[in-house]
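In what follows, a single structure is set out as structure tokens and then discussed.
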Amino acid sequence: MKTNILIVDDEKDLCWAVREKLLSEGYGAEYVLSGEEALDVLAHKKFDLMILDYRMAGLSGLDVLEHLRSAGNTIPAIFITAYGDQDLAMKSLEAGANDYVHKPFNLDNLMFRIYKTIRFETMEQEVRDLRPRARASFANIITQSPEIEKIMSIIDRVAPKKVPVLITGETGTGKDVVASAIHHNTHNPRKEKPYISINTGAIPEPLIESELFGHVKGAFTGAVTDREGVFEAADGGTLFLDEISSATPALQTRLLRVLDSGEFYRVGETKVRNADVRIIAASNRDLIDEVEKGRFREDLYHRLRVIHIPLPPLRQRHNDVAPLIDYFLRFYNVQLGKRLSMSDNVRGHLMKYEWPGNVRELKHCIESLVVMADGDIIKAEDLPERFRGMEPVSVGNTVQGTYRELKAGIVEQFDTRYFTNLLRECGGNVSEAARCADLARSYVIKKLNDCGIDPKDMK
């Protein structure tokens with residue numbers, strides 16, 4: 001989509017020259033000759049950027065910007081100020097301008113400032129767009145793999161609905177994290193209600209029904225008072241049933257009734273109770289296989305599997321290993337009050353390993369390394385025995401290494417363009433360039449040397 005720019009200046013020749021330059025660069029451009037005209041045009045038409053002269057007859061550029069900002073218009077603005085009007089330039093920035101240029105200015109330098117402003121605004125918008133999504137479904141989900149990004153999309157779509165969800169995957173793949181992300185998604189109307197997680201395989205069989213549905217006094221030995229179960233405690237919210245494949249046949253029957261009608265009764269009583277609970281279940285076993293072997297009810301399986309989220313093991317999404325390493329290293333540094341870094345050799349070993357225990361194994365491995373490492377760097381000798389004798393992956397060949405190289409290249413290109421245009425605008429005068437850019441002269445000289453720019457070529 002073409003970027004449309006409005007030029008506001010009472011010098012018609014200047015407006016015409018800037019507009020022609022913008023059109024030649026592929027932008028859309030219009031100009032008006034007063035602040036009053038600018039406000040009128042902006043009231044009826046949307047622009048992506050405004051180039052605004054500070055000093056004009058009638059409304060000044062500052063008046064125009066303050067009027068727009070008070071009306072909630074956040075259009076990016078680049079001010080044009082007379083050379084030497086440093087105080088006015090600072091006032092424009094305080095009023096909400098994005099940048100400023102001094103008259104007379106180089107059109108190429110103005111184009112660069114326009115590019116920089118638009119790019120910055122684009123990135124800011126991307127961040128604003130991502131923040132709700134990050135809060136909604138990325139909670140504790142660290143990923144660079146398309147498989148998990150697809151799952152995040154499913155989380156966003158299913159979170160507002162009450163439908164049951166079945167999460168399957170090997171032990172340690174993060175089924176509990178996904179369940180929590182569904183409940184705490186910003187689009188889930190139940191997010192402020194209780195979220196209760198229970199491992200059905202970890203509770204002794206005689207107690208599981210009491211734990212889920214509660215009991216009345218005298219229902220069994222030790223039941224000295226009435227007690228509510230987790231279904232009542234989670235009323236209005238979400239109940240996460242981990243390892244659902246461990247449920248007994250009797251429990252499966254009662255779960256099916258709750259899913260169908262919302263009705264249940266406490267152990268030892270006949271009074272029917274109701275609970276408005278969203279069920280998320282998880283299993284590390286193949287439930288179809290369990291059904292075929294007669295160990296799991298087929299009707300319950302289909303009732304739970306309204307939405308199915310299969311989590312791939314970590315070995316099938318190897319792009320996630322590097323960001324997970326970084327995340328857990330930062331996390332345990334904070335938790336344990338350390339400031340450890342990791343050698344490329346150690347990182348290479350961790351990248352090569354298959355992680356049969358998935359994310360959980362990786363998490364515990366990093367925790368152990370942070371606890372046990374001596375000094376400020378985690379070294380190869382700190383690795384557990386299972387990593388010994390492995391040929392580590394070259395970190396330079398990882399996605400993370402490639403990203404660093406790409407980022408460095410982009411920064412270098414940006415610096416070269418910026419300091420070239422800056423020197424041209426200042427006629428090759430390094431001291432003047434440093435003053436205009438509000439940078440130390442020594443820093444500008446270093447950047448010029450790094451970029452291979454000779455000030456003599458800019459005169």
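The values are calculated or read from the model by the stated rules, or taken from the named source; none is laboratory data. The structure displayed is predicted, hence computed values, not measured ones. Reconstructed Cβ throughout: ideal geometry from the backbone, glycine too, with neighbour counts over all protein chains shown. Surface areas here come from the heavy atoms of the whole protein model, side chains and all, with no ligands, DNA or RNA. Shrake-Rupley method; radii C 1.70, N 1.55, O 1.52, S 1.80 Å.
Tabulated data
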| read-out | value |
| --- | --- |
| Residue within the range 323-343 that is open to solvent by 40 Å² or more (accessible area, probe 1.4 Å) and touching a residue at least 60 places away in the same chain (Cβ under 8 Å) present | yes |
| Index of the failed condition, residue 239 passing every other in (1) within 33 Å of the chain's Cα centre (by Cα); (2) aliphatic (A, V, I, L, M); (3) in a loop (DSSP other than H, G, I, E, B) | (3) |
| Test: residue in the range 268-289 that is of a type in the set (A, V, I, L, M), part of a helix (DSSP H, G or I), open to solvent by less than 70 Å² (accessible area, probe 1.4 Å) and under 18 Å from residue 234 (Cβ atoms) | no |
| Breaking point among (1) under 14 Å from residue 80 (Cα atoms); (2) at pLDDT below 90, for residue 8 | (2) |
| Subset tally (residues that are assigned to a loop (DSSP other than H, G, I, E, B) and either surrounded by fewer than 17 Cβ atoms within 10 Å (Cβ to Cβ) or free of Cβ contacts under 8 Å to residues at least 24 places away in the same chain (or both)) for the range 1-49 | 8 |
| Subset of the range 179-208 [of a type in the set (Ser, Thr, Tyr) and either open to solvent by 40 Å² or more (accessible area, probe 1.4 Å) or at pLDDT 90 or above (or both)] | 180, 186, 195, 197 |
| Subset tally (residues that are open to solvent by 20 Å² or more (accessible area, probe 1.4 Å) and in a loop (DSSP other than H, G, I, E, B)) for the range 217-235 | 10 |
| Only one of 385, 412, 391 that is acidic (Asp, Glu), within 34 Å of the chain's Cα centre (by Cα), at pLDDT 65 or above and open to solvent by 90 Å² or more (accessible area, probe 1.4 Å) | 391 |
| Residue list for the range 346-373, filter: touching a residue at least 40 places away in the same chain (Cβ under 8 Å), open to solvent by 70 Å² or more (accessible area, probe 1.4 Å) and part of a helix (DSSP H, G or I) | 352, 360 |
| Exclusive hit being closer than 22 Å to residue 168 by Cα, out of contact with any helix residue (DSSP H, G or I) (no Cβ under 8 Å at 6 or more places or on another chain) and open to solvent by less than 70 Å² (accessible area, probe 1.4 Å), set 292, 243 | 243 |
| Residue count for the range 439-456, restricted to those that are farther than 13 Å from residue 422 by Cβ and assigned to a helix (DSSP H, G or I) | 5 |
| Flag if residue 251 is surrounded by 17 or more Cβ atoms within 10 Å (Cβ to Cβ), in contact with a strand residue (DSSP E or B) (Cβ under 9 Å, 6 or more places away or on another chain) and modelled with pLDDT of 85 or more | no |
| Candidates 53, 63 - the one that is open to solvent by 20 Å² or more (accessible area, probe 1.4 Å), among the acidic types (Asp, Glu), within 22 Å of residue 91 (Cβ to Cβ) and over 33 Å from the mean Cα position of the chain (by Cα) | 63 |
